[in-house]
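**Student:** Handing you this structure, nothing more for now.
The values are calculated or read from the model by the stated rules, or taken from the named source; none is laboratory data. On a predicted model such as this, the values are computed, not experimentally measured, just so you know. So basically every Cβ, Gly included, is an ideal-geometry build from the backbone, and we count neighbours across all protein chains shown.
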């Protein structure tokens, strides 16, 4: 299993990367844990790979103005093991630890995952629940977008051609917030059949759901029910309502809907137990 | 277009012109003759190709050789370079942590990383830590024993 | 794999029906499709460049319209094949008048084979839905752009 | 003077770490893909994306002209190569012609259509994309029961009913038994198609040099392959050498001769350069045999007191599109073993072998016996439920007694030895069965779903007496004492991970009084090793081991003769590596004896120089291991997920040569059984597309998905061979799946659940819970 030929560049500056990306059939390599297998199967055949791993400033986690700025090329392992994130945005660290396997977490990056918008990826559930933002660089500028606006559909994001996702910004969790990510995994691939990220603070809850439908989403109705009733079961039961659920050989749409409610309840209960 | 890369492998620097699409696993196996890491799948699931790149266990079938330019790679061949087996290798031998041996180089490389990060893992932590490495022969139990034994030996 | 769903188009039934059978409109709305070339009555040759995420595939095949019952229903049969595999979609479209608009219900079967069937299974269902959604969104755009005849 | 004779400490029976391992743990072992040769070319194979189609045309022009490509071959080019062989014969068996590349029609997704040979594998892969094949797609059928239905698409147009064979076997008076029965229980039970998934895919290297063809292949049967490939290619067998380097697992999937071995031989002869083909995982899933594929309809007849009277089986075997080496024979093994460990005196079985547009099924770990064991063990549980009896009690009541061996079964076998109650009682003790049932009652009262499942299995292994096998059931060994006293063993069994380099060294070292380090075991090269059969069907130690034992006994006769000559005595014995004159007490060590035999200054009367003996051992019977497994499960009521809380395996494989290795075999076997019970299934859609075409969709167990296995043993020696060994390679797999399924059904029985087919996916169980919950 061999990919088609392509040109490879490992730019040393963001500007260089943006310039390379502007030329036609180029694709960002941000870890490659999804892209490289697809290229090897010849499902994907970009003309050029622009490897961001040598661009300075795209890795690492820094705290600034009540928010945590995570470079796009920060690996899942770095997120999972970051003392800062474990203390100040534990949901993201917990979710990162549920991704794939250790080798994938060593190479895969948060920016790569966010930009890929795989409907069964783990991160999006958490990024929605913490109300993350993403920064997108383009030639001569940068914009910041709420992750919920960034994520448009199955494998579809607001990234414009020539743009690069440079970072993820998550708020520092206030004291007393409780979080949990609960995932039923597909045993072969490790992807989520359904994953639910819950974040509770002062009686209000945010719920991010992945795997259930064509894209990860905030379970707004369920959040509202919880805010009004404080009833975990009622809120959880609302998570799959009205959702066009995915169906494949591993789980039917009905089963996914059911599991989404079960895992939502588990995530909510776990988050509540950690909240104060 | 071919590109020149320089990679330090098992402590020795190599420089080659390679096609960008050349996978790291093929670079190691076919250009350098380091056939310890194996290819067991093409979807980054089985982990038979696991090597360490800059100290991180990675699947060398899911990485192009050009990505390793300027980096340090350690393969299974580099573990017992001075003739003495690495404690993880020794433990796999003592505990019968292998049968056909095909997954073993990758399994050992991942186990080594696991113990570097967590010197006293529980059984559950070992099993979770080896999710990226498939073995079809052993049923994993003797592998778990081997990792425990290596942890013990490391104390 | 069974598919089914419904979209509402902001045009009357007769107009919706003729739009959905217009090869130029179909070509514009089918994701990645440049144009349709007529090869027989109600049968067109198609070239389609699919691009979803990093996955790209060039499909060639045919689009066929059958069992026409204007203005309420017809079958749309799309077949394509390429290096990454082949697909066949066979759907019945039913048009229900709703005041000034039309609800288009579709129900059918998608068969996928070759590489994409073997390795992309978990994504076929979501991708099919995505493509159908894009088709109707594009159609709605077209309707919005075009003045009523 | 009183002398104390201390029995020397034997190596047999000890937990000894393996001789194989140093090369494997350091990455210095050589598997097929590790072979590099000057001028070596690479081959890639174009395969059909359709399950059934006529080939209208193939255009290879662009591929052949691609820079770096040296040749492209299609079906027309290989017309002179013989078909892929089927070694099994059954009355009336329909055998489709199985050419190594498709001619004018393809029969399953993955069917080889063309081969590209290029300077390297990257170029060969590129050129594959340049071949254009015009297919006329035809209707396909992928399910064996659908294939047998009227009007189904014909897999082979010449046989529109899709029936490859039917087979009937009965013993006793089954109809009478069922007429007289007080209870009859029926159940449809499936054993789903599985993908063997050896971690090393298949691979072939071929080189043709100076009239000699050498094929390196990842196979379990180098000698049989040499014979069969020589026939396919029409080359003299003595000019064909098959070398089996390190083999990365087989599990039956490499007990075969595939199109690619002959194809690479053909290519090497055509291009005059060495050529390598390495199967991708996707090809491995599409083109290497699958296992199981049964739909079984069982009926069990019994008295109200639980005494079993009869068993009936209608077995539909999904064969796939062709017969590989043993395809049609596999279900006949299920029939042989359908009575299990019980006194079924009246049995009847009918097999229908159905062609489907899928890759062929063939031997996969257990090969026919897991299916049979799953059937009879599910039926015993169903009977227990019907009679409100305890599943352990009903088994103990119907076991063949320890005093009844050798036991002639209603299916014509003679069970060699056994004490079936022993492992079951031991397993019940280990789990503390009585308390476990109390705990289960408490769990149930608390609304938890806890199950206890038993499985007791018997298996037929050590294949086997030659009249009962397609290609000879004996095994060979040569033992040599080299002039310096070092010992070389050559075994015709070709192990691939089982560890015979260690266990055979243990046997040889004990018998010859040398150390493990003094012994080297060689296998897997037809130019070096005498003809042999191979490793499969748990026969490596059970048939290859006795062959070695007898070869050593032959050699010992010679050692004693040389010893007698050197000691100038007519009364010598050999033990502990020395020949001893029983009169003078003088000794001469083995190395000196061996040296003298090669130096040959003087020879005993009638003796040849040298110190070597070869033995071809024909076993008088199969061996029949047995055991009892118990699985304790708990089911997540909300999701249907199964957690195995405890797994106890008590196996009896006769005499144990190396307990460490036996445990390894049991663990690995059990985990493959858990794979079948909970996770694995080859899924084809209605059009014959394999939907579980990669490891991303076919779930073999990972470390985190399986429990700790509490492995224990009883030791009932086999009288069939002098070592008393039986074989253990498949036992774990055979015993496992019914234990897990019985446990889960037990957990759900109060909801009205009688049976669940594998794999027990969370969704399948959740649906049953939901239905039961509402009822």
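**Student:** Can you name the condition, by its number, that residue D:611 falls short on among (1) over 30 Å from residue D:554 (Cα atoms); (2) in contact with a helix residue (DSSP H, G or I) (Cβ under 7 Å, 6 or more places away or on another chain); (3) more than 14 Å from chain C (Cβ to nearest Cβ)?
**Tutor:** That leaves (1) as the condition not met.
**Student:** For residue D:165, indicate whether it is buried (at least 18 other Cβ atoms within 10 Å of the Cβ) and in a helix (DSSP H, G or I).
**Tutor:** When the stated conditions are applied, residue D:165 does not pass them.
**Student:** Taking residue B:116 and the conditions (1) more than 13 Å from chain A (Cβ to nearest Cβ); (2) over 13 Å from the mean Cα position of the chain (by Cα); (3) within 16 Å of residue B:56 (Cβ to Cβ), which numbered condition does it fall short on, given that it satisfies the others?
**Tutor:** Status for residue B:116: all satisfied but (1).
**Student:** Okay, moving on. Picking from A:54, A:62, A:48, A:86, which residue would you name as being surrounded by fewer than 20 Cβ atoms within 10 Å (Cβ to Cβ), farther than 26 Å from residue D:695 by Cα and in contact with a helix residue (DSSP H, G or I) (Cβ under 6 Å, 6 or more places away or on another chain)?
**Tutor:** A:86
**Student:** Which fully enclosed strands (runs of 3 or more DSSP E) of the stretch B:1-98 have 1 or more residues being under 16 Å from the mean Cα position of the chain (by Cα) and within 13 Å of chain D (Cβ to nearest Cβ)?
**Tutor:** Counting at least 1 such residues, we get B:3-9, B:50-53, B:56-59, B:72-74.
**Student:** Mind checking which residues of the stretch D:336-349 are surrounded by fewer than 24 Cβ atoms within 10 Å (Cβ to Cβ) and either assigned to a helix (DSSP H, G or I) or out of contact with any helix residue (DSSP H, G or I) (no Cβ under 9 Å at 6 or more places or on another chain) (or both)?
**Tutor:** Result: D:336, single match.
**Student:** Could you figure out which of (1) more than 13 Å from chain B (Cβ to nearest Cβ); (2) crowded, with 17+ Cβ neighbours inside 10 Å; (3) within 27 Å of residue D:277 (Cα to Cα) isn't true of residue D:12?
**Tutor:** (3)
**Student:** When the residues of the stretch A:86-117 are filtered to those that are in contact (Cβ under 8 Å) with a residue 60 or more places away in the chain and away from every other protein chain (no Cβ under 13 Å), which remaining residue is farthest from the chain's Cα centre (by Cα)?
**Tutor:** A:88
**Student:** Can I ask one more? Only helices (runs of 4 or more DSSP H) wholly contained in the stretch D:211-326 count here; list those with 1 or more residues that are free of Cβ contacts under 8 Å to residues at least 12 places away in the same chain, over 20 Å from the mean Cα position of the chain (by Cα) and in the same structural domain as residue D:41 (by TED's automatic domain parsing).
**Tutor:** The helices (runs of 4 or more DSSP H) meeting that bar are D:222-233.
**Student:** Checking the structure you have, find out if any residue of the stretch A:164-174 is out of contact with any strand residue (DSSP E or B) (no Cβ under 8 Å at 6 or more places or on another chain) and surrounded by fewer than 23 Cβ atoms within 10 Å (Cβ to Cβ).
**Tutor:** Looking for residues that are out of contact with any strand residue (DSSP E or B) (no Cβ under 8 Å at 6 or more places or on another chain) and surrounded by fewer than 23 Cβ atoms within 10 Å (Cβ to Cβ), one finds none in the stretch A:164-174, hence no.
**Student:** I would also like to ask the following. Looking at residue D:695 and the list (1) in contact (Cβ under 8 Å) with a residue 60 or more places away in the chain; (2) over 19 Å from residue B:107 (Cβ atoms); (3) within 14 Å of chain C (Cβ to nearest Cβ); (4) more than 20 Å from the chain's Cα centre (by Cα), which single condition is not satisfied?
**Tutor:** (2)
**Student:** Taking the condition in contact (Cβ under 8 Å) with a residue 24 or more places away in the chain and more than 10 Å from every other protein chain (Cβ to nearest Cβ), does residue C:110 pass?
**Tutor:** Criteria met by residue C:110.
**Student:** A follow-up question, please. Can you run down the residue pairs with Cβ atoms below 6 Å, 6 or more apart or on separate chains, where the first is in the stretch C:41-66 and at positive phi and the partner is buried (at least 16 other Cβ atoms within 10 Å of the Cβ) and outside any strand (DSSP E or B)?
**Tutor:** Here the result reads C:53/A:155, each pair linking the stretch C:41-66 to a residue that is buried (at least 16 other Cβ atoms within 10 Å of the Cβ) and outside any strand (DSSP E or B).
**Student:** On to the next question. Among the residues of the stretch B:59-77, is there at least one that is at positive phi, touching a residue at least 60 places away in the same chain (Cβ under 8 Å) and either surrounded by fewer than 24 Cβ atoms within 10 Å (Cβ to Cβ) or out of contact with any helix residue (DSSP H, G or I) (no Cβ under 9 Å at 6 or more places or on another chain) (or both)?
**Tutor:** yes
**Student:** Another question, if that's okay. Since residue A:76 meets every condition but one in (1) within 14 Å of chain B (Cβ to nearest Cβ); (2) crowded, with 22+ Cβ neighbours inside 10 Å; (3) under 21 Å from residue A:209 (Cα atoms); (4) touching a residue at least 60 places away in the same chain (Cβ under 8 Å), which condition does it not meet?
**Tutor:** Of (1) within 14 Å of chain B (Cβ to nearest Cβ); (2) crowded, with 22+ Cβ neighbours inside 10 Å; (3) under 21 Å from residue A:209 (Cα atoms); (4) touching a residue at least 60 places away in the same chain (Cβ under 8 Å), only one is false for residue A:76: (4).
**Student:** Just one of D:154, D:114 is assigned to a loop (DSSP other than H, G, I, E, B) and within 29 Å of residue D:45 (Cα to Cα); which is it? It would help to see each step written out before you state the result.
**Tutor:** Details: D:114 fails: assigned to a loop (DSSP other than H, G, I, E, B).
One residue alone meets the criteria, D:154.
**Student:** For the stretch C:1-107, which strands (runs of 3 or more DSSP E) that fit wholly inside it have 3 or more residues that are touching a strand residue (DSSP E or B) at 6+ places or on another chain (Cβ under 7 Å) and more than 14 Å from chain A (Cβ to nearest Cβ)?
**Tutor:** C:33-40, C:43-52, C:55-69, C:73-82, C:85-98
**Student:** Moving on. Which ones in the stretch D:492-519 are outside any loop (DSSP other than H, G, I, E, B) and farther than 13 Å from residue D:479 by Cβ?
**Tutor:** Listed by number, the residues that qualify are D:500, D:501, D:502, D:503, D:506, D:516, D:517.
**Student:** Can I ask one more? In this structure, is residue D:339 over 18 Å from the mean Cα position of the chain (by Cα), in contact (Cβ under 8 Å) with a residue 12 or more places away in the chain and assigned by TED's automatic domain parsing to the domain that holds residue D:691?
**Tutor:** It is false that residue D:339 is over 18 Å from the mean Cα position of the chain (by Cα), in contact (Cβ under 8 Å) with a residue 12 or more places away in the chain and assigned by TED's automatic domain parsing to the domain that holds residue D:691.
**Student:** Hey, could you check the stretch D:217-241 for residues that are within 14 Å of chain B (Cβ to nearest Cβ) and in contact with a helix residue (DSSP H, G or I) (Cβ under 9 Å, 6 or more places away or on another chain) and say which is farthest from residue D:295 (Cα to Cα)?
**Tutor:** The extreme case among them is D:218.
**Student:** Can you report the number of residues in the stretch A:5-46 which are assigned to a loop (DSSP other than H, G, I, E, B), within 11 Å of another protein chain (Cβ to nearest Cβ) and modelled with pLDDT of 95 or more?
**Tutor:** Number satisfying all stated conditions: 6.
**Student:** From the residues in the stretch B:131-155 that are at the interface with another protein chain (Cβ under 7 Å from one of its Cβ atoms) and in contact (Cβ under 8 Å) with a residue 60 or more places away in the chain, which one is surrounded by the fewest Cβ atoms within 10 Å (Cβ to Cβ)?
**Tutor:** Per the stated criteria, the residue is B:134.
**Student:** Could you pull out the residue among C:132, C:124 that is in contact (Cβ under 8 Å) with a residue 60 or more places away in the chain, within 14 Å of chain D (Cβ to nearest Cβ) and not in a strand (DSSP E or B)?
**Tutor:** Values: C:132 fails: within 14 Å of chain D (Cβ to nearest Cβ).
Criteria check complete, one pass: C:124.
**Student:** Restricting attention to the stretch D:464-497, and to residues there that are modelled with pLDDT under 95 and crowded, with 24+ Cβ neighbours inside 10 Å, which single residue is nearest to residue B:101 (Cα to Cα)?
**Tutor:** D:497
**Student:** Another question about this same structure. If we keep just the residues of the stretch D:554-579 that are farther than 21 Å from residue D:486 by Cβ and in a strand (DSSP E or B), which is farthest from the chain's Cα centre (by Cα)?
**Tutor:** D:572
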